[in-house]
Structure formats: C-alpha cells, structure tokens
Amino acid sequence: MKLTFCGGAQTVTGSSFLLEAAGQKILLDCGMFQGSKHLRARNSNEFPYNPAEIDYVILSHAHIDHSGLIPRLVKEGFRGKILATPATIDLVSIMLPDSGHIQEMEAEWQNRKNLRAGRPPVEPLYTVEDALRALAYFLPVDYYQRFWLSERMALTFYNSGHILGSAITELTIVGAERTEKVVYTGDLGKSDQPIIRDPDVLEEADYVIIESTYGTRLHERAKQKEEILEQVIKQTVGRRGNIVIPSFAVGRTQEVLYLLSRLMRDNLIPNLPIYIDSPLAISATEIFSRHPECYDVEMRELLHSGQDPFMFPEVIFTKTAEESKQINNSPGGSLIISASGMADAGRIKHHLKHNLWRPESTVLFVGYQAEGTLGRRIRDGARIVKIFGEEIKVNARVVSVDGFSAHADRTELLRWLSKLLRKPRQVFLVHGEEDVLPQYAAAIEQELNINAYIPNYLETVELLPQAAPEKRTAKCFPGLQAWEVQKLWQEFQHDYSRRLELAILDEDAAQQLQQIAKELAEMRALLLEN
C-alpha cells in the first residue's frame, strides 16, 4: 500500500490524499488550497497523478478546502465514482457551482487587469458548468453502510461531528495474510456541538490520517462562548455599531443562528436585525432542514416543540446584490453574518470595507483564520488592510472566539485517538500549520505512546503490512460474486431512484415507468438468485 499527500500537508487547506491499495487508486478528498498566493498557486499545478486512473474519490465533507478541486478533476479526465453521505452531496450541489462562479468572476477581474497591462488572458480554474457536470459522478453512501469498492476493499462512513454530513472514512483492505484498516478522520468535530451529533468512536485502525487544526489549542467552554457573544452584542449595540461576523456558509452560520435564537428567547440580548448576507448560506440552511438524521437529541427536541432555530422573526435573508448593498445604508445596531469565513472572498469584504474604519463596530471571528488570509491579518492586529484596492484603517473592535470552531481541540483530538481499543501502528498528522504539528506529534507520542508522523507535501510513504499474520475468516473475505452483487445493487438504487423521480414529473411517464418496473423485476430476480 502507498499513501501520497497531495495536499493538506503542513497546511490547513487543500486536503487530498492518494491511497493505492488492493489494485485500486482511491483519492481521499480533493480540496482547494486557500490562503497565501503561494498556496493558491497550487490549485493550477498539474495533478500528481492521472485523473483518469483514479477509481474512486471519497469525500469526507462539503467544505471547499476538501471538495473544491473536484470539478477540475472531472474536467481533466476523472470518470469514476465520488462517494459521500447524502447530506454532503446536497451541500456540494450548491457549493461547487458557487465556487465555479467565484472562479469565473476572479478570472474576469484578472483579465480586465491583464488587458490594461497588455498581458494574455487567463482561464478560470473551472466554471459553473464544469461544477454541474461533476455532480453527475456522485454516489450516496449512508453512515454505517459497508460499500465494497472491490473484492478486497470496503468503505464504511462514520459520523465525524464536524458539519452536516461530515464523515470519518474507514477502509478495510483484505490482504493475503491479514486485514488492514486505514482510517481518515476528515475534519473531526468537537463534542457537545449544537445541532449535529458528536463524533463516533472507532474501535481499531492500523493507520490513521488525522487532522491537526487545533492540535495545540483549547476551545472556550460552551457557556463561555455564549457569554462572549452576549457581551459583544450588548456593547456594540450600545455604541450604535454593527457586529460583522465572517462565517462559513455551511455549519458555522447555522450554529451562530442557533445560539442567537436562544439568547433572544432568554432575553439575554436585544432583538436586533440579523442579516444573513450569503445566498450560499441561505441555501445551506434550507438543506439543514432536510437532514434530521444528522441532528443530535437537543435539536430534535427543539424542532418537536415547534421552535425553528434557523427561521425566527429577526432573521433577514438577503439574496440579491441590491439587498446586500442596502444593509450598509441602514443605521447601526445590526448583526451581519456573511461569507467567506476567512474574509478572502464574497460579500463579507464589502461589509468589512464599510465597518472596519468605524470604532463603534465590532468584527467577530468565529472560525479558524488560515495564514495569508484577510481574516488572519485583521485578527493578528493589522492596523491597515487593503480591500478592493483601497486601504482601510482598522478602528473597529476585533474579537476572536475559538469556541465556535467546528474542529476538535487538542484535548478532544487526543481523547478520540485514545479510545481506539487497538493502537494504530502509525498516525499521520495532516490539516495543520507547520508550527502546530511538531508539538501535537510530541503530545501523541508522549501521552498515547503512538508513532506520529508529519508528512511533506507530495511525499509518498509505504504502508507496510503487519509482520505477524492474523487468521482470516470467511466473514472478512466475502466471495467475489457477493461484493459484485452488492455494488451492483447500490449503483442500481442510485440510478433508478433518480430516473423514477424524473418519470413521475413527466406528464407522459407511463412507458418510462413500465421500463423501470421491468428492470426492477429483473434486479429482484438477480438478487434472489445470488
């Protein structure tokens, strides 16, 4: 087995890892690099593999730093299947076209500059159309369902507790002497996070690829972050300023809304207008309502009592650009949630431009700010920043709350690893910054007595089989016919459910329905026979 670190190595973006095992080439995530110009340049580099040779992409969750290069992968020849949970597929169906739109707009902006400077035009990384074409390759796999990729390799998704639909990937690989398990955490969530369930605990793994975002830091207590939010709102509204929150459209926006609804319900903050100024966040919030299978008990009880923490009277969704502009004409005392979460693109830059220079306003960061981003510069104390080519003085109060992060902190990451009943032979630390990784690796080795390795970008490592063989059983080595039949049924379900939906919507559907019924009968006979 070989593992190549195509991204997410000593950086928190661009997560992508190529596993070559059992005759298969599996890509774990295919994320976009974000942050500094040096990192973003990697998005245009040639892939370190032939996209046409990749058998499967396994997507841990929908965030663009894990999914954002999938349209380019398809554009350059990938024709396999992209496996993800149903909720993740719903989210990428809005996020990837939105990313394609951003690529087109950035290329258009760059080409206007190039034209004036006499330089040749550039092509967008991919387009909206490229992103829509990529969606045809997605295949849903539910949590806890074993999906056979081949006669020797099976996938199981477990809940990672990061965002809606996020998953831990477990790959079971049957070798000549023993069965190996490779586990990729994706982004691991923290315990007791609102809305979604806590991360699942796995029993065993031979190799673990684990994220390291907060490998050296501890989050505030849940109550503490609510108290900070309450104080910031009261103080800023008292000064007639605005609270501007750069927030990821998926996950963070919904959690902030959840807490704001509770603070208002308990009369802890005034009823102020809350603008959700992100078409993507609006669509994502609608998708959240369609996936109660991801909710924790508290969220289910809240909905059962008739309360919707996403839709309450103070929330104003602004879809159009004109509605967005009107927000900056309103008097102070508003709360503005807008994307992107690191303030590097989108409508948030307009709101920062109109509020950073105002001493009565507050910029509240509720998520990780990667090195090289506008959000990181503001959070680290820059006194002047450039937005749309204009220098803006930072007079506003700047507050950062790590407790809103959807990532596990140092204690939670170590606790998750410690609960593996069989210690992994090797842990690979990814999705972390260079100064964090050595300290986190030392903690794993000292506190858990587990080997921790920090890979370099584009490094390939051999995953050697265990020297002492384990006895195989029929249970872990099913016959070729069994896995083929199961895979055929899984793909059949996906294809025909969509065909059935289209047929029902079609006025002249009788003939299509008859054909579908015939094929279902044939599939039933095949399953009974096998």
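Assorted remarks:
- Criterion: in contact (Cβ under 8 Å) with a residue 40 or more places away in the chain and farther than 17 Å from L83 by Cβ - qualifying residue of L171, L202, L139: L202
- Among the residues of segment 431-456, not one is exposed (fewer than 12 other Cβ atoms within 10 Å of the Cβ), in contact with a Phe, Trp or Tyr (Cβ under 9 Å, 6 or more places away or on another chain) and modelled with pLDDT under 95.
- Count of segment 361-417 residues which are assigned to a strand (DSSP E or B), among the hydrophobic types (A, V, I, L, M, F, W, C) and touching a residue at least 40 places away in the same chain (Cβ under 8 Å): 5
- Residue within segment 63-73 that is within 14 Å of the chain's Cα centre (by Cα) and surrounded by fewer than 19 Cβ atoms within 10 Å (Cβ to Cβ) present: no
- Test: residue in segment 215-236 that is among the small types (G, A, S), touching a Phe, Trp or Tyr at 6+ places or on another chain (Cβ under 6 Å) and within 29 Å of L413 (Cβ to Cβ): yes
- Residues being surrounded by fewer than 21 Cβ atoms within 10 Å (Cβ to Cβ) and in contact with a Gly (Cβ under 7 Å, 6 or more places away or on another chain) are represented in segment 268-280 by at least one member.
- Residue that is surrounded by the most Cβ atoms within 10 Å (Cβ to Cβ), among those in segment 217-262 that are among the acidic types (D, E) and out of contact with any Gly (no Cβ under 6 Å at 6 or more places or on another chain): E255
- Qualifying residue in segment 129-139 (condition: under 17 Å from L19 (Cα atoms) and buried (at least 21 other Cβ atoms within 10 Å of the Cβ)): no
- Taken as a whole, the structure leaves E108 outside the set of residues that are in the same structural domain as K37 (by TED's automatic domain parsing), among the charged types (D, E, K, R) and under 22 Å from T13 (Cα atoms).
- Residue match in segment 379-391 (condition: surrounded by 18 or more Cβ atoms within 10 Å (Cβ to Cβ), within 19 Å of N242 (Cβ to Cβ) and under 24 Å from the mean Cα position of the chain (by Cα)): yes
- Answer from Y126, Y158 - the residue that is in the same structural domain as V427 (by TED's automatic domain parsing), in a loop (DSSP other than H, G, I, E, B) and modelled with pLDDT of 95 or more: Y126
- The set of residues from segment 283-298 being exposed (fewer than 14 other Cβ atoms within 10 Å of the Cβ) and in contact (Cβ under 8 Å) with a residue 60 or more places away in the chain comprises R290, E298.
- Residue within segment 20-29 that is closer than 22 Å to D344 by Cβ and modelled with pLDDT of 95 or more present: yes
- Annotation note: Cβ proximity below 9 Å between a residue of segment 300-312 that is over 13 Å from M264 (Cα atoms) and a residue that is part of a loop (DSSP other than H, G, I, E, B) and at pLDDT below 75 (sequence gap 6+ or interchain) occurs for L302/D308; L302/P309; L303/P309.
- Criterion: under 21 Å from A167 (Cβ atoms), charged (D, E, K, R), modelled with pLDDT of 80 or more and within 23 Å of the chain's Cα centre (by Cα) - qualifying residue of D296, D277: D296
The values are calculated or read from the model by the stated rules, or taken from the named source; none is laboratory data. As the structure is a computational prediction, the values presented were derived from the model and not from experiment. In this analysis, Cβ positions are derived from the backbone assuming ideal geometry, glycine residues included, and neighbour counts consider all displayed protein chains.
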